[in-house]
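Dropping a structure here in structure tokens format, bear with me for questions.
The values are calculated or read from the model by the stated rules, or taken from the named source; none is laboratory data. Values in this document were obtained by computation on a predicted structure and should not be read as measured data. Don't worry about glycine lacking a Cβ; one is built from the backbone with ideal geometry, like all the others, and counts go over all protein chains shown. Calculation scope for accessible area: heavy atoms of the full protein, side chains included, ligands and nucleic acids excluded. Shrake-Rupley method; radii C 1.70, N 1.55, O 1.52, S 1.80 Å.
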Amino acid sequence: MEDSSRSCLKLFTIVFFWCLASAHRVHEYDKHPLSKIDIYKTTVALRDSVSLKANPLILGLKGEDAAWVTVVLVNPNPSNDDWVAVFSPAKFNSSTCPAENDEAESPYLCTSPIKYKYANFSDLKYAKTGKASLKFQLINQRADFSFALFSGGLSNPKLVSVSNYISFANPKAPLFARLANGKSWNEMTVTWTSGYCIDEAVPFVEWGLHGETHMRSPAGTLTIEQNSMCGAPALTVGWRDLGFTHTSFLTNLWPNTVYSYRMGHILSNGSYIWSKTHSFKSSPYPGQDSLQRVIIFGDMGKGERDGSTEYANKDPGALNTTDQLIKDLPNYDIVFHIGDIAYADGYIADWDQFLQQVEPITSTVPYMVASGNHERDWPDSGSFYTGTDSGGECGVIAETLYYVPAENRAKFWYSTDYGMFHFCIADTEHDWREGSEQYKFIEKCLASVDRRKQPWLIFAAHRPLGYSSNDWFGQEGSFSEPMGRDDMQKLWQKYRVDIAFYGHVHDYERTCPIYQNVCVNSEVSHYSGTMNGTIHVVVGGGGHHLGTSFIGIPNWSLYRDFDFGFVKLTAFNRSSLLFEYKKSSDGKVYDSFTIHREYRDILACVHDSCGTSTWAA
């Protein structure tokens, strides 16, 4: 009876903490800016006296994927709650609305704009003069654009005027190149987006060594249908067609070699459509002793360079991180973005805008992603958590737009190599506990590495399965995702994981080498010889608004920073590793440590890392 009571109490405690964690997460992030618009309440109040004109009419005449547009507004009856929205496709009235089951009358408008600005954004005198000139940055999203003036604020929108239509010279152009490691070390995948279906154009990649004859590799094509979304807003007002996603596999690459490439489409009339030409450096052979540099962060989101849609409040550090990484491109080799990628949250147009934002990075180095709650979570969709953070996307968008070398991309866990590094990427939005399919994968991934050739073993996941002194984890008393390290820590210890990285918490924190809540090394910045535990790092300050930490500082927490930033790992050889935390604002190093050790130090037994042995001859 006593054991039964203890079991019930333990179960209650777990459920209580789980519910408490969920309650915190409901309020963890601000609402998506577009969700503030009560789009179904839109009424028509068109006025001929209002003028709304957009220029230029044709964008991207030199092949650009982004362009600035000026919208000139003249309104005889202005108000401070007037706002101007960008719509694409340009026609956005009720003809685009799906039938509503219980609606006596269909709403006039059921499509969210791509973004918006208040009419007084650039001139606070607008409410007196009725005149404004607004600048928007548009990207090529496979359709034309129009601008609409609304009065009544966001909660009671009244459509007052619609501008002329504008478009890119080739709305279907191949864009947003994104590289990723393939399933073998000498394979690179190229994924891109276009408006060409396979019936009208055949996709491929032309690639090769500089100065030599280039070859062509075919590409597969995927699409996403609206009915594959799990709920609103992705299924309703937030839906936007993402066009066609193409992926080509470039194989038999020479190690550490620079290749150039461009995406192409052969039209039915025999003519060609080409992207810009890009280049990348292929991966080193697993275990190859050369300089190897890795960038890791989570939780970026997208910024708006034109200042629209209140994204400065939602993802205030996104552009700083992006721009710093673009500036530093020659000095790293591969990127890991460990979940909460675009923060589209069901407003699908954001994905195109994020892809364009990071394209200078993704077209040059492999950009490996992990799944987070804002990509995957939705009730009754198979996700481990039952929240609604994905906005109804339920993983479909991220799984399609990004290639990862997983056996099943719907299960976003995978392993990948980069020279002396071996990475095990977990999916915290699926069950990771002992006995689960993912647990078996993680153990196999950790056990499979040859540490003589690849001494640097890295674990990464979105939610902090290890250690974090974030406020809600501290209040729960777990200092990690509930049940996070219950089963994982014995794997980290057994297989001697060097560093475990997490996002989800929007700040930076580094622990001591730790096992079972105890620091196993008193050193802070220069580790040498046998590592008795794993260093856990939260690096969720990629750009989304910052979080808060628990008021107390646990003794295992060596460094905390409430700012935007990322981590850079540099392996000089199989014995020396440099860890650096850099702020996005200036790219300077604010925390660092080194590891120096030999192969025998990895083999040495530490607590719970070795099996039984015998003195028998």
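State the number of residues belonging to the stretch 253-263 that are in contact with a Pro (Cβ under 8 Å, 6 or more places away or on another chain), part of a loop (DSSP other than H, G, I, E, B) and either open to solvent by less than 20 Å² (accessible area, probe 1.4 Å) or touching a residue at least 40 places away in the same chain (Cβ under 8 Å) (or both).
1
Would you mind stating whether residue 437 is open to solvent by 50 Å² or more (accessible area, probe 1.4 Å), out of contact with any Lys or Arg (no Cβ under 6 Å at 6 or more places or on another chain) and touching a residue at least 12 places away in the same chain (Cβ under 8 Å)?
Considered against the rule, which asks whether it is open to solvent by 50 Å² or more (accessible area, probe 1.4 Å), out of contact with any Lys or Arg (no Cβ under 6 Å at 6 or more places or on another chain) and touching a residue at least 12 places away in the same chain (Cβ under 8 Å), residue 437 comes out as yes.
Taking into account only those residues within the stretch 408-420 that are within 22 Å of residue 250 (Cβ to Cβ) and in a loop (DSSP other than H, G, I, E, B), which is nearest to the chain's Cα centre (by Cα)?
For the stretch 408-420, the residue satisfying everything is 409.
From the list 480, 448, exactly one residue is modelled with pLDDT under 95 and of a type in the set (Ser, Thr, Tyr). Which is it?
Going through 480, 448 in turn, just one is modelled with pLDDT under 95 and of a type in the set (Ser, Thr, Tyr): 480.
Under the condition of being among the hydroxyl-bearing types (Ser, Thr, Tyr) and at pLDDT 95 or above, which residue from the stretch 531-576 is farthest from residue 319 (Cα to Cα)?
Restricting to residues being among the hydroxyl-bearing types (Ser, Thr, Tyr) and at pLDDT 95 or above, the top hit is 575.
Report those strands (runs of 3 or more DSSP E) wholly inside the stretch 502-599 carrying at least 1 residues which are without any contact (Cβ under 8 Å) to a residue 12 or more places away in the chain and open to solvent by 60 Å² or more (accessible area, probe 1.4 Å).
Here the list reads 589-596.
Give the residues of the stretch 232-246 that are in a loop (DSSP other than H, G, I, E, B) and not polar (S, T, N, Q), sorted by residue number.
232, 233, 234, 235, 237, 238, 239, 240, 241, 242, 243
Among the residues of the stretch 448-479, which ones are assigned to a loop (DSSP other than H, G, I, E, B), touching a helix residue (DSSP H, G or I) at 6+ places or on another chain (Cβ under 6 Å) and surrounded by fewer than 23 Cβ atoms within 10 Å (Cβ to Cβ)?
Within the stretch 448-479, 451, 452, 479 meet the criteria.
If residue 273 passes every condition in (1) open to solvent by 10 Å² or more (accessible area, probe 1.4 Å); (2) under 30 Å from residue 458 (Cβ atoms) but one, which one does it miss?
It fails just one condition, (2).
I would also like to ask the following. Give the stretch 307-325 a look and list any residue that's closer than 14 Å to residue 359 by Cβ and open to solvent by 40 Å² or more (accessible area, probe 1.4 Å), or say none.
Across the stretch 307-325, the qualifying residue is only 323.
Still on this model: Residue under question is residue 478, and the condition is that it be among the polar types (S, T, N, Q) and either touching a strand residue (DSSP E or B) at 6+ places or on another chain (Cβ under 8 Å) or over 26 Å from residue 372 (Cα atoms) (or both); does it hold?
When the stated conditions are applied, residue 478 does not pass them.
Scan the stretch 117-141 for residues that are surrounded by fewer than 16 Cβ atoms within 10 Å (Cβ to Cβ) and under 29 Å from the mean Cα position of the chain (by Cα) and jot them down.
Scanning the stretch 117-141 gives a single hit, 135.
Taking residue 423 as the residue in question, decide whether it is of a type outside the set (D, E, K, R) and part of a strand (DSSP E or B).
Yes.
Would you confirm, using the coordinates I've provided, whether residue 483 is surrounded by fewer than 19 Cβ atoms within 10 Å (Cβ to Cβ) and not charged (D, E, K, R)?
Judged against the criteria, residue 483 is a match.
While we're looking at this one, here's another question. If the Cβ limit is 6 Å and pairs must be 6+ apart or interchain, which residue in the stretch 463-491 that is within 14 Å of residue 547 (Cβ to Cβ) and of a type in the set (D, E, K, R) pairs with which residue that is open to solvent by 20 Å² or more (accessible area, probe 1.4 Å) and in a loop (DSSP other than H, G, I, E, B)?
471/548; 471/550
So, residue 156, is that one outside any strand (DSSP E or B), at pLDDT 95 or above, within 30 Å of residue 116 (Cα to Cα) and open to solvent by 20 Å² or more (accessible area, probe 1.4 Å) or not?
So residue 156 passes the test.
Would you mind telling me which numbered condition in (1) closer than 25 Å to residue 409 by Cα; (2) of a type in the set (Asp, Glu); (3) open to solvent by less than 50 Å² (accessible area, probe 1.4 Å) residue 304 fails?
Condition (1) is where residue 304 drops out.
I would also like to ask the following. Working carefully through the options 151, 167, find the one that is more than 21 Å from residue 55 (Cα to Cα) and open to solvent by less than 40 Å² (accessible area, probe 1.4 Å).
Just one listed residue meets the conditions, 151.
Return yes when residue 187 is in contact with a Phe, Trp or Tyr (Cβ under 8 Å, 6 or more places away or on another chain) and in contact (Cβ under 8 Å) with a residue 40 or more places away in the chain and no when it is not.
The answer is yes for residue 187.
From the residues in the stretch 366-408 that are free of Cβ contacts under 8 Å to residues at least 24 places away in the same chain and under 17 Å from residue 188 (Cα atoms), which one is least open to solvent (accessible area, probe 1.4 Å)?
That would be 406.
Listed here are the residues, each with its yes/no results for (1) in contact with a strand residue (DSSP E or B) (Cβ under 9 Å, 6 or more places away or on another chain); (2) within 22 Å of residue 172 (Cα to Cα).
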| position | (1), (2) |
| --- | --- |
| 332 | yes, no |
| 339 | yes, no |
| 346 | no, no |
| 356 | yes, yes |
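So if I check each of 250, 235, which one is open to solvent by less than 10 Å² (accessible area, probe 1.4 Å), in contact with a Gly (Cβ under 9 Å, 6 or more places away or on another chain) and not basic (Lys, Arg)?
250
Results for (1) closer than 23 Å to residue 122 by Cα; (2) part of a loop (DSSP other than H, G, I, E, B); (3) modelled with pLDDT under 95; (4) open to solvent by less than 60 Å² (accessible area, probe 1.4 Å), shown as yes or no for each residue.
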{"site": "40", "(1), (2), (3), (4)": "no, no, yes, no"}
{"site": "63", "(1), (2), (3), (4)": "no, yes, yes, yes"}
{"site": "69", "(1), (2), (3), (4)": "yes, no, no, yes"}
{"site": "72", "(1), (2), (3), (4)": "yes, no, no, no"}
{"site": "76", "(1), (2), (3), (4)": "yes, yes, no, no"}
{"site": "85", "(1), (2), (3), (4)": "yes, no, no, yes"}
{"site": "90", "(1), (2), (3), (4)": "no, yes, no, yes"}
{"site": "102", "(1), (2), (3), (4)": "no, yes, yes, no"}
{"site": "105", "(1), (2), (3), (4)": "no, yes, yes, no"}
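Could we say that residue 328 is touching a Gly at 6+ places or on another chain (Cβ under 7 Å) and open to solvent by less than 10 Å² (accessible area, probe 1.4 Å) here?
No; evaluated as a whole, the condition is false for this residue.
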